[in-house]
Amino acid sequence: MTALIRAENLGKTFGATGGWFRGASDQVRAVDGVTFDVEAGETLALVGESGCGKSTLGRLLLRLIDPTDGTIRFDGQDVTRLSSAEMRMMRQRMQIIFQDPFGSLSPRRTIGQIIGEPLEIFGLARGRQARRDRVAQLLDQVGLPPAYMDRLPRQFSGGQRQRVGIARAIAVNPSFIVADEPVSALDVSIQAQIINLMQDLQRDAGFSYLFIAHDLAVVRHIADRVAVMYLGRIVEVGPKRQIYDAPQHPYTQALLSAAPEPEVDTVSRRIILKGDVPSPSNIPPGCSFHTRCPIAQEICRRDRPPLAQVAPGQLAACHFARPNPIPLGDAA
Amino acid sequence: MSQDLLRLTDVTIEFGPPKKPIRVVEGVGFSVAKGESVGLVGESGSGKSVTSLAIMRLIGGRVVQGRIELEGRNLLDLPASALPEIRGRDIAMIFQEPMSSLNPLMTIGDQIGEALLLHGWRDRTARRDRTIEMLHLVGIPNAEGRLGAYPHQFSGGMRQRVMIAMAVACAPKLLIADEPTTALDVTIQAQVLDLMKKVRRELGMAILLISHDLGVIADVCERVIVMYAGRVVEEADIRTILTRPQHPYTRGLLRSVPRRNHEAERLYQIPGSVPPAGSVRQGCPFRDRCELSVSRCAEEMPPMFRFGSSQSAACWVTAAAEGVAQAGAAA
Amino acid sequence: MTASIDPALQLRPQPSAFTTLRRVILDRPATIFALIIVILFVLVAVLAPWIAPHDPLAQSILDVNKPPSAVHPVGTDQFGRDVLSRLIYGSRNSLIFGFVSPVLAAILGTSLGVIAGYFGGIADRIISRVIDLLLAFPELLLAILIAAVLGGGFWNVVAVLTVAFTPGFARVARASTLAVKQEPYIEAAVAVGLRTPMIILRHVVPNIAAPIVVLTTLWIASAIRLEASLSFLGIGTQPPNPSWGNIIRDGLNNLFGSPWPIIGAGTLITLVVLAFNLIGDAVRDALDPEASR
C-alpha cells in the first residue's frame with residue numbers, strides 16, 4: 001500500500017507570538033502532532049466537534065494554511081517545502097469542497113465561469129468553446145443541466161450549489177479532495193443525494209477523499225477509515241467497521257451514541273458527556289478528554305496517552321483502551 | 001377534544017405584496033394537548049418556522065385565513081396590547097441561536113428577573129429565588145454565583161440552557177422550541193435534549209419542537225406533524241411514524257437519514273429538491289419527487305386521510321391502497 | 001441515476017440587473033426627477049456652445065445688472081454679461097470638476113484600499129496611517145492650503161480634491177476587502193490555484209464595487225459643491241471664466257440690486273447636488289445583490 005498523503009507530526013498554532021501584551025494564553029494550538037496517511041483511492045473520514053481542529057487540518061494538507069510544524073508528503077514529495085508557485089501547480093492534484101454552499105461560489109460570476117476557472121488556470125481546455133464543452137460535461141456529471149452554465153449562483157438552491165462546488169473540484173481531475181463538511185448545511189433529503197454523487201464520482205475517477213464531518217452517522221456510507229479528533233489531536237483512527245462496531249476511545253463511544261436517530265427506543269443506550277469542550281487556547285493537561293470522560297482516573301489527569309495500536313489498523317489514545325476489543329453492544 | 005391547549009385550524013400565511021402574494025403556509029391544522037410534546041418536522045421551505053412564529057404572532061407575513069386557538073381563545077383576534085401577556089406566561093419560545101434572544105448588556109439574573117416581573121412576580125426575593133431555582137433546574141453549576149454573569153460569558157450549550165431557564169421561568173403552558181439544538185455539537189445537543197425532557201417532566205408543560213431532524217424529534221416528542229412545502233402531509237404518534245409511515249415523503253425522509261448502525265452500499269435518496277415557496281399552485285406539492293405519483297396527484301391536493309386512531313396522511317395512493325377514509329369526516 | 005437531470009430541478013426566478021434597477025427607480029419617483037436633472041445637466045454642459053444665447057465673456061456697458069428679459073432670461077451681471085450663458089458655460093466646469101476628481105480618487109483610493117485590506121501587514125499599516133492623516137484634514141481647508149502654496153487654477157484644484165477624496169475611497173475599499181477576504185469563495189479561488197492579482201481582479205474588486213460606485217456618485221455631488229465653494233473663495237475657476245461658484249461671488253457685490261445671478265447659480269447647485277445624492281441612494285439599493293432576493 002502506498003500512501004498518497006502522509007502527514008507527520010503536523011501542528012498549527014494560531015495567534016502571534018511575542019509582542020508586549022501577548023502571553024502564551026493568546027495562542028491556540030488548533031492542530032497538535034497529528035500523524036496519518038490517506039491511501040490512493042480511499043476515503044478517510046475525519047470526525048469531531050466544533051473547535052477540534054478538523055477543518056484546520058484539512059486546510060493544512062492543502063496548504064491553504066501553513067503548518068507551524070511537521071511535514072506533509074503528497075506522492076512522496078514534501079509539500080511544506082514547495083514555493084508558492086510550485087504549490088499553485090500542485091493544486092491541480094489536490095482540491096477542496098467547502099461546507100458553505102452559499103459563500104463558496106463567487107456571487108458575481110456565472111456557474112460556467114466558476115467551474116471553468118481551474119480549467120483555464122491549468123490550460124486543460126484551450127479556447128472558449130472547448131472550455132464550455134468541458135464545463136457542460138462536468139455539469140452533466142454532477143447532475144445539473146448544462147443549460148444552467150450562464151446563470152449566477154444565487155438562483156441555485158443549497159444542494160444545487162454544492163453540486164457546482166463539486167464540479168469545480170473535479171474539473172482538474174485531482175487525485176485528492178478535501179471535503180469540508182460538504183453536507184452539513186444541506187437539508188436531510190438533499191444530503192443523501194450529495195453523498196451518493198460524491199461516491200459515484202470517486203468510483204469513476206479513483207481519487208481519495210478526506211471527508212470532514214461533525215458526526216459519525218453521516219460518514220458511515222462513504223468512509224473506508226475513520227479518524228476521530230478531539231482538541232487538536234486524533235484520539236482514535238481505524239477501519240470503519242472497527243470504529244463503529246468496537247470503538248475503543250470513550251470519546252468515540254460517546255460521539256457514536258450521542259446523535260439521536262429516528263428509531264424506536266434508542267434513547268436508553270445513550271452516553272451523555274458532562275460539560276463543554278474546553279477552549280483550544282486552554283487545553284487540559286494529561287489526556288485532554290479527562291474533564292468530560294466517564295471513566296477518567298488519576299493517570300488521565302497526569303499523563304497523556306499515546307495513540308497506540310489496539311487492533312489491526314486501529315489506534316486509540318486512551319489509557320484504558322483494550323487490546324482485544326469487545327463490541328459495544330455486548331458490553332452493555 | 002376539550003383537552004386541546006393549542007389548536008390551529010386551516011391556517012394560511014402569505015408573504016410579499018398583497019397583489020402578488022407568496023403562499024408560504026397553506027391550510028395547516030393540528031393541535032397540541034395539555035402537557036403533550038409534539039414535533040413539527042420539515043426541511044427548509046416547509047413552512048414549519050413560519051407556522052411557529054405565527055402562533056406567537058411574530059411573523060412579518062399575513063395570516064390570511066384560519067384560527068390559532070389557545071385554550072379556545074383565537075390568538076389572531078387579540079389586540080396587539082394583549083400579546084405580551086400571552087408571550088412568556090402562556091407560551092414561551094426558544095430559538096436556534098440563543099445569543100440573538102439574550103440581551104448582551106444585561107446579566108442573566110436581571111433578564112430572568114425581568115421576565116418574572118413582567119408576569120406578576122412583584123416580590124424581589126421571590127424573583128431571585130425563582131431565578132436561582134430555574135438556573136439550577138437547567139443545570140447551570142453554581143447558579144447563585146452566576147446571576148451576575150453576562151451572556152457572552154457562557155458557552156453555546158450553556159447559553160441555550162440559560163435561554164430555556166428564561167423561557168420556562170414563568171411556567172408557561174406551552175414551550176415552542178425552534179431548532180433549539182441545530183447550532184450545537186452532537187454531545188451538547190444530547191445534553192440539551194435531555195434537559196428539555198427533564199424540564200417538561202418537572203414543570204408539566206407542553207412542548208412544540210420544530211426541527212428538520214427526525215432523530216431529535218423522536219428523542220423528545222410523543223407525536224409528530226410532518227410538513228412539506230407549506231402543508232401538513234402526515235401526522236401520527238412517534239412510534240407509528242417511525243415504523244409505519246404512510247406519506248411517501250415521510251418514508252423517503254426516514255430512509256434517507258444516515259444511521260450509525262446499518263450500512264448500505266448507497267444511501268436512499270429522494271430525487272429533486274423542495275419546490276420554491278409559493279410555486280405549487282395545484283395538486284400534491286410532493287408529486288415531482290414521488291415514486292408513487294399518479295395523474296390525480298397533479299390535479300388535486302389530497303386531503304388528510306385517516307390511517308388509524310392516531311395517524312393521518314395526505315396521499316391519494318397510499319390511502320387508496322389501505323382503503324381508508326378522509327380524516328375529519330368520521331372524527 | 002445521478003447523471004440524469006432531476007425532475008424537480010428548477011431554478012429560482014431571478015430578476016435581471018435591469019429589472020432591479022427599474023424597480024428601484026419606479027419605487028421612488030424622486031429618482032426619476034434626479035435622473036432627469038442629471039441628464040439635463042450633462043446635456044447642457046456638453047452642448048453649451050450651441051445652446052448658450054450669448055458669449056459668456058462678452059461685456060456690455062449698456063446692459064449692466066439688468067433684470068430678466070426676453071434677451072437675457074436670467075438678467076445680466078455687473079459687467080453686462082448674460083447670466084444664462086455664464087450659467088450654461090459654468091456647468092461645464094462643474095461637470096468636469098464633478099467627475100474628474102471623484103473618478104481619479106476612486107481608482108487611486110480603491111487600489112490602495114484593496115492592497116491594504118488584502119495583504120495586510122506592513123502595507124496595511126503604512127496605507128492606513130496615511131489615510132488617517134489625510135482624513136483628519138477638512139478637504140476645504142486642505143484645498144485652500146494647497147492652493148495657497150501652488151496657486152489656484154482648475155488643475156491644481158482637481159489635484160487637491162483628488163488627494164482629499166482618495167482616503168475616503170481607500171478606507172471603504174479596505175473595509176470591504178477585509179470582509180470579502182473572509183468569504184469562502186476567496187479561499188476557493190486560492191484552492192483552485194488562481195494567482196493573487198487575478199483573485200483581486202476577479203473575486204475581490206467586483207464584490208466591493210457597489211459601495212465604491214455609491215461613494216463615487218455621492219462625491220460627485222460633493223465635488224460640485226466644493227468647486228462652487230472654492231471658486232466662490234477665488235481659488236477655483238479663475239475669472240473671467242464662468243463657474244457657478246464665481247457667479248455667486250460676483251453677484252454678491254450687488255446682491256440687493258440684482259439677485260438674479262445668485263438665485264440662478266444657487267438653484268442649479270442645489271438641484272444638481274441633490275440629484276446626485278438621490279441617484280447615489282438608488283444605485284446603492286440596486287447594486288445590493290441581497291436586496292433583489
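All of the numbers you see were taken from the coordinates with simple rules; none came from a lab. These numbers come from a predicted model, not from an experiment. Cβ sites come from the backbone with ideal geometry, for glycine too, and all protein chains shown count toward neighbours.
General observations
- Residue of A:R134, A:R59, A:R108 that the Gaussian network model of chain A assigns the largest fluctuation, springs spanning Cα pairs under 10 Å: A:R108
- Spin-label model distance (nm) - B:E144 vs B:R296, 7 Å beyond Cα toward Cβ: 6.8
- Peptide C:195-207 is shielded by partner chain Cβ atoms: per residue, an average of 2 of them sit within 10 Å of its Cβ.
- Between 0 and 90 degrees, the angle of helix B:124-137 with respect to the longest Cα principal axis of chain B falls at about 50 degrees.
- Between segment B:201-226 and segment B:14-38, the Cα center-to-center distance that results, in Å: 18
- CD proxy at 222 nm, helix term only [per DSSP H run n ≥ 4: -39500 (n - 2.57); per residue of chain B; nearest 500]: -9000 deg cm²/dmol
- Estimated [θ] at 222 nm from DSSP helical runs (n ≥ 4, -39500 (n - 2.57)) normalised by residues in chain C, nearest 500: -23000 deg cm²/dmol
- Positive-end residue, the protein assembly as shown charge dipole about Cα centroid, Cβ charges, pick of B:V257, A:M89, A:G165: A:M89
- Taking 4.7 Å between beta carbons as the limit, the unpaired Cys residues of chain A are A:C52, A:C293, A:C318.
- Cα-projected label distance for B:R239 with B:E322, points at 7 Å along beta-carbon direction, nm: 1.6
- Two-site FRET efficiency, A:D150 against C:V64, from Cβ-Cβ distance with R₀ of 60 Å, rounded to 0.05: 0.35
- Taken residue by residue and averaged, Cβ atoms of other chains lying within 10 Å of the Cβ of A:275-285 number 2.
- Long-range amide H partners of B:A229 with built H, under 5 Å: B:S46
- If the chain linking B:T125 and B:V64 were pulled fully straight, counting 0.36 nm for each residue of separation and taking away their Cα-Cα distance, it would gain 17.4 nm.
- Sequentially through segment C:216-230, phi angles give Karplus couplings (6.51, -1.76, 1.60; θ = phi - 60°) of 4, 4, 5, 7, 4, 4, 4, 4, 4, 5, 5, 4, 4, 4, 5 Hz, Gly and Pro residues having no value and appearing as x.
- Cα-Cα over 28 Å, subset of B:K48/B:K198; B:K20/B:K173; A:K240/B:K197; A:K54/C:K181; A:K240/C:K181: B:K20/B:K173; A:K240/B:K197; A:K240/C:K181
- Most mobile listed residue (B:T107, B:T131, B:T243) in chain B, GNM with C-alpha springs under 10 Å: B:T243
- J(HN,Hα) series, segment C:123-132, from Karplus relation 6.51 cos²θ - 1.76 cosθ + 1.60, nearest Hz, glycine and proline x: 4, 5, 5, 5, 4, 4, 5, 4, 4, 4
- Inter-centroid distance (Cα atoms) of segment A:298-315 relative to segment B:61-133, Å: 50
- Percent of Cα-Cα distances greater than 35 Å, calculated over chain B: 24
- Cysteines in chain B lacking a second Cys C-beta under 4.7 Å: B:C170, B:C221, B:C290, B:C315
- Derived scalar couplings ³J(HN,Hα) [segment B:202-212; Karplus, 6.51 cos²θ - 1.76 cosθ + 1.60; whole Hz; x for Gly, Pro]: 7, 9, x, 8, 8, 10, 10, 9, 9, 7, 8
- As a length-normalised measure over Cα pairs under 8 Å and 6 or more apart, the relative contact order of chain A settles at 20 percent.
- When segment A:53-122 is reduced to its Cα atoms, the Kirkwood hydrodynamic radius in Å: 13.8
- GNM flexibility winner over chain A from A:R151, A:R128, A:R233 (Cα, springs under 10 Å): A:R128
- Environment charge of B:Y228, counting only residues whose C-beta is closer than 10 Å and scoring Lys/Arg +1, Asp/Glu -1: +1
- Long-range HN-HN contacts of A:A308 with modeled amide H, under 5 Å: A:A316, A:A317, A:C318
- Distance from segment A:148-167 to segment C:62-123 (C-alpha centre basis), Å: 46
- Amide N of segment C:64-104 lying under 15 Å from the label point, which is placed 7 angstrom from the Cα of C:L47 along Cα→Cβ: C:88-89, C:92
- Residues whose placed amide H lies under 5 Å from that of A:F211, excluding near-sequence neighbours: A:L44, A:A45, A:L46, A:A179
- 10 Å Cβ neighbours from other chains, averaged over peptide A:103-113: 5
- For the protein assembly as shown, the C-alpha radius of gyration sits at 1.13 times the compact-globule guess of 2.2 N^0.38 Å, with N the residue count.
- Protection proxy ranking, peptides B:86-98, C:255-267, average beta carbon neighbours within 10 Å, highest first: B:86-98, C:255-267
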